[in-house]
Amino acid sequence: MKALVCFLLLLLLLATLPSPTRSFEFPAREMADLIDQTCRLTPFYDLCISSLRSDPESGAADVRGLARIMAGSVLATASRTLDRIQELLGQAPDPETERPLAYCAELYIPVVKYTLPQAIEALGKGQLGFAVYGLSDAGKEAEECEKNLSGQGGSPVTEGNELVRNLVDVAVAIIEILQRSF
């Protein structure tokens, strides 16, 4: 299994290197193939494909660029989830409803304002371990929010929490491709 992963990573790396007859500008078809090859190494292929292809910058991105785009998707989704939590918090009819939502807001605020932006910055600087740590933390906080709200008869932000966790898993998988290539 390890040999297969190494072989696939080698193929992925070789596919991203320009040949002597090829310019540094990759045709769109080759970049689409890079997206496909990269997403096949993640736990949520369809989510990876749809997230990356929805970003116009992905067409010219290398694997590091794809990781940055995916980390940006995590941040955007976490921001939308926090917005929804704060909206629900403003509508909470009583303290029993308000308490778990406030707890979720306390989890998401530092993730959106600090953790994810720092992880994206670290990714840009090549600090892949720190980027993985920050992204993983975001996934753990989303999971903690979900557990806390689920105990209250159902979570009104399950979709956002699950999407954050799944996007984190995809982003971390792409970063791990980069880590193995060094």
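The values are calculated or read from the model by the stated rules, or taken from the named source; none is laboratory data. Remember, predicted model here, so these are calculated numbers, not experimental data. Reconstructed Cβ throughout: ideal geometry from the backbone, glycine too, with neighbour counts over all protein chains shown. Remember, those area values only see protein heavy atoms, side chains included, never the ligands or the DNA or RNA. Shrake-Rupley method; radii C 1.70, N 1.55, O 1.52, S 1.80 Å.
Taking first residues from region 136-157 that are farther than 18 Å from Ala119 by Cα and partners that are part of a helix (DSSP H, G or I) and open to solvent by 70 Å² or more (accessible area, probe 1.4 Å), the Cβ contacts under 8 Å between residues at least 6 apart in sequence or on separate chains come to Cys145/Tyr103; Glu146/Glu162; Asn148/Tyr103; Gln152/Glu96; Pro156/Arg84; Val157/Arg84. Can you tell me which residue within region 128-140, out of those that are of a type in the set (Gly, Ala, Ser) and surrounded by fewer than 21 Cβ atoms within 10 Å (Cβ to Cβ), is farthest from Gly72 (Cα to Cα)? So the residue we want is Gly129. As for region 72-94, it holds at least one residue that is open to solvent by less than 70 Å² (accessible area, probe 1.4 Å), of a type in the set (Asp, Glu) and either closer than 29 Å to Ile35 by Cβ or not in a helix (DSSP H, G or I) (or both). When Gly72, Gly90 are checked against the criterion of being of a type outside the set (Lys, Arg) and at pLDDT 95 or above, Gly72 stands alone in meeting it. Only residues that are among the polar types (S, T, N, Q), within 14 Å of the chain's Cα centre (by Cα) and either farther than 13 Å from Val168 by Cα or not in a helix (DSSP H, G or I) (or both) were counted in region 35-53, giving 3. Within region 141-182, the set of residues being loosely packed, with under 14 Cβ neighbours inside 10 Å and farther than 27 Å from Ile49 by Cβ comprises Lys147, Ser150, Gly151, Gln152, Gly153, Gly154. When Tyr103, Tyr108 are screened for being over 24 Å from Ser181 (Cβ atoms), touching a residue at least 12 places away in the same chain (Cβ under 8 Å) and more than 20 Å from the chain's Cα centre (by Cα), only Tyr103 passes.
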